[in-house]
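Take a look at the structure below.
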Amino acid sequence: MSKHDHGFATRSIHAGQGFDPTTGAIIPPIYQTSTFVQDGVGGLRGGYEYSRSANPTRTALETQLAALEGAKHGFSFASGLAAEDALIRTALRPGDHIVIGNDVYGGTYRLINRVHGAWGIEHTVVDLGDLAAVEAAIIPGRTKLLWVETPSNPLMKISDIAALAALAHRHEVLSVVDNTFASPALQQPLSLGADIVVHSTTKYLGGHSDVLGGAIIMNDDELAEQLGFVQFAAGAVSAPLDAWLTTRGIKTLAVRMRQHSANAQAIAEFLDGHAAVERVYYPGLESHPGHELAARQMSGFGGMLSLALVGGPAAATRLVEKTKLFALAESLGGVESLIGLPAQMTHASVKGTELAVPENVVRLSVGIEDVADLIADLDRALAKVLKASAKH
């Protein structure tokens, strides 16, 4: 059997994780070294020369990452944005063009708009749910990437990966899916026709809010060779300890995502119809416009949800400052629950653009605590929001 023939949880635990042949240690060691002794000039042991080019701990993680997405090639970077940057510099040149969705992570938009925009890369923002608009945004000969984020951050829009990938292929455009919110435990973009998957491994893959990392995963041999060169030449690689921590997190990904999803579903149902809540953005609710599509292309609805507050920005600010178990912090995907105000935090970089997030929207990263405690925390905080709103 190949490494991809096993079930997902088995691959998460065993891919790239053979025991140490010297000692029999069940957990592969952290190769905390910058360089490797050679057996004579050019006599590399196992192909290892210098840890920027390759390190056994990172190799183990990259093998694991590829196996998670059922792919041939995995690359591990120092952060999600480092991964995205390397991909763009590999696949595009000045004068090229990217089509992106109108609800993407603020850091991705900042990277494309401000960093690569200054390099001569152009972009067009579209509603990825409108296939005709997506097709119209593609510039023949210049558009090189169609950038898809589903579920999207923070409004939880669901995009049809298979349809978008097919459209991209008709125009000889590479389709990229940011799979961070769903994780490979719930969604497999390559199996739906996408060319490339990107992750912030800081989030669900690491899963414990203790490591930064990013990943790119693909099947294209030629593009993988080119990306591998950029990874080596530019050097934004994950350090050995970071790679090891990410690997450790991945081993519990399957079971964690089941609990994240169950907790988020219960919280979304609690919030839906609450007097303080204008709208809940969660694909697990039947009222969500992307519910049926999400049910088809995902095996679960994930741990992320957003809500719009009735009292506007002031109510949203009160809520994020009144919860106790939901900690006010950036990031997501850890075992602990987090709450944030995207317009002021994760998406501040898109203020004033067509990607701007409504200021009354609060984002929740639902952890794996006892869900009754999480609901009670939100209930108490929302009661305070309602009380404050009544005074005004």
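The values are calculated or read from the model by the stated rules, or taken from the named source; none is laboratory data. Computed from a prediction, not measured in an experiment: that's the story for all the values here. Because the Cβ atoms are built from the backbone with ideal geometry, glycine has one as well, and the counts that use them run over all protein chains shown. To get the accessible areas, we keep the full protein, side chains included, count just its heavy atoms, and leave off ligands, DNA and RNA. Shrake-Rupley method; radii C 1.70, N 1.55, O 1.52, S 1.80 Å.
What is the distance in Å between the Cα centres of segment 33-75 and segment 151-170? When both Cα centres are located, 33 Å separates them. Selection among His73, Ala327, Ile26 by position relative to the dipole of the chain gives Ala327 as farthest towards the positive end (Cβ unit charges, Cα centre). Toward the positive end of the charge dipole of the chain, with +1 on the Cβ of Lys and Arg and -1 on the Cβ of Asp and Glu, the farthest Cα among Val310, His6, Gly207 is that of Val310. The modelled label-to-label distance between Ser191 and Asp5, using points 7 Å beyond Cα along the C-beta direction, is 1.7 nm. In the chain, helical runs assigned H by DSSP with n ≥ 4 each contribute -39500 (n - 2.57); averaged across all residues and rounded to the nearest 500, the mean residue ellipticity at 222 nm is -10500 deg cm²/dmol. Taking amide H as placed 1.01 Å from N in the peptide plane, the amide H of Thr150 sits under 5 Å from that of Asp178, each at least 5 places away or on another chain. Applying the Karplus relation 6.51 cos²θ - 1.76 cosθ + 1.60 with θ = phi - 60° to segment 230-240 yields 3J(HN,Hα) values of 5, 4, 5, 6, 8, x, 7, 8, 6, 6, x Hz, where x marks Gly and Pro.
What do you get for the angle between helix 312-322 and the principal long axis of the chain? Use alpha-carbon atoms, 0 to 90 degrees, nearest ten. Once rounded, the angle reads 70 degrees. Phi angles across segment 64-73 convert, under the Karplus curve 6.51 cos²θ - 1.76 cosθ + 1.60 with θ = phi - 60°, into 3J(HN,Hα) values of 5, 4, 4, 5, 4, 9, x, 10, 8, 10 Hz, Gly and Pro given as x. Label-to-label distance for Ile27 and Tyr50 is 3.1 nm, based on points extended 7 Å past Cα in the beta-carbon direction. Distance from the C-alpha centroid of segment 171-207 to that of segment 300-364: 23 Å, rounded to the whole angstrom. Here's how it looks for Glu278: its modeled amide H is under 5 Å from those of Ala308, Leu309, Val310, which are all 5 or more places away or on a different chain. Summarising the label geometry, the points placed 7 Å from Cα in the beta-carbon direction at Glu336 and Thr252 lie 1.4 nm from one another.
Computed on the chain, with alpha-carbon pairs under 8 angstrom and 6+ residues apart, the relative contact order is 17 percent. Placing +1 on each Lys and Arg Cβ and -1 on each Asp and Glu Cβ, with no other charges, gives segment 195-291 a dipole about its Cα centre of roughly 500 debye.
With viscosity 0.890 mPa s and temperature 25 °C, the Kirkwood radius over alpha carbon pairs of segment 192-257 converts through Stokes-Einstein to a diffusion coefficient of 188 µm²/s. Rounded to the nearest 20 debye, the dipole size of the chain about its Cα centre is 720 debye, using +1 on the Cβ of Lys and Arg and -1 on the Cβ of Asp and Glu. For segment 1-136, the dipole from Cβ point charges (+1 on Lys and Arg, -1 on Asp and Glu) about the Cα centre works out to 460 debye, to the nearest 20. The length gained on full extension between Lys351 and Phe229, counted as 0.36 nm times the residue separation minus their Cα-Cα distance, comes to 40.4 nm.
The lysine pair tally for segment 261-392, using Cα distances under 26 Å and a gap of 8 or more places or different chains, is 7.
Within the accessible area of the chain, the carbon and sulfur atoms contribute 54%, probe 1.4 Å, all protein chains present.
Compared with the alpha-carbon gap, the fully stretched path from Lys72 to Asp130 is longer by 17.7 nm at 0.36 nm per residue. With respect to the chain, whose longest principal axis is taken over its alpha-carbon atoms, helix 161-170 is tilted by about 60°.
3J(HN,Hα) along segment 326-339: 6, 7, 6, 6, 6, 6, 5, x, x, 5, 8, 7, 10, 9 Hz, from the Karplus curve 6.51 cos²θ - 1.76 cosθ + 1.60 with θ = phi - 60°, whole Hz, x for Gly and Pro. Once the chain from His291 to Leu386 is taken as fully extended at 0.36 nm per residue, the excess over their C-alpha distance is 31.3 nm. Database remark: amide H of Leu305 closer than 5 angstrom to the amide H of Leu364, Val366 (H placed geometrically; neighbours at sequence offset of 5 or more, or on other chains; Pro and chain starts carry no H). Figure legend: label point modelled 7 angstrom from the Cα of His274 along Cα→Cβ; residues of segment 291-307 with amide N under 20 Å from it are 301-307. Across the options Leu227, His347, Val173, the greatest Cα extent toward the positive end of the charge dipole of the chain (unit charges at beta carbon of Lys, Arg, Asp, Glu) belongs to His347.
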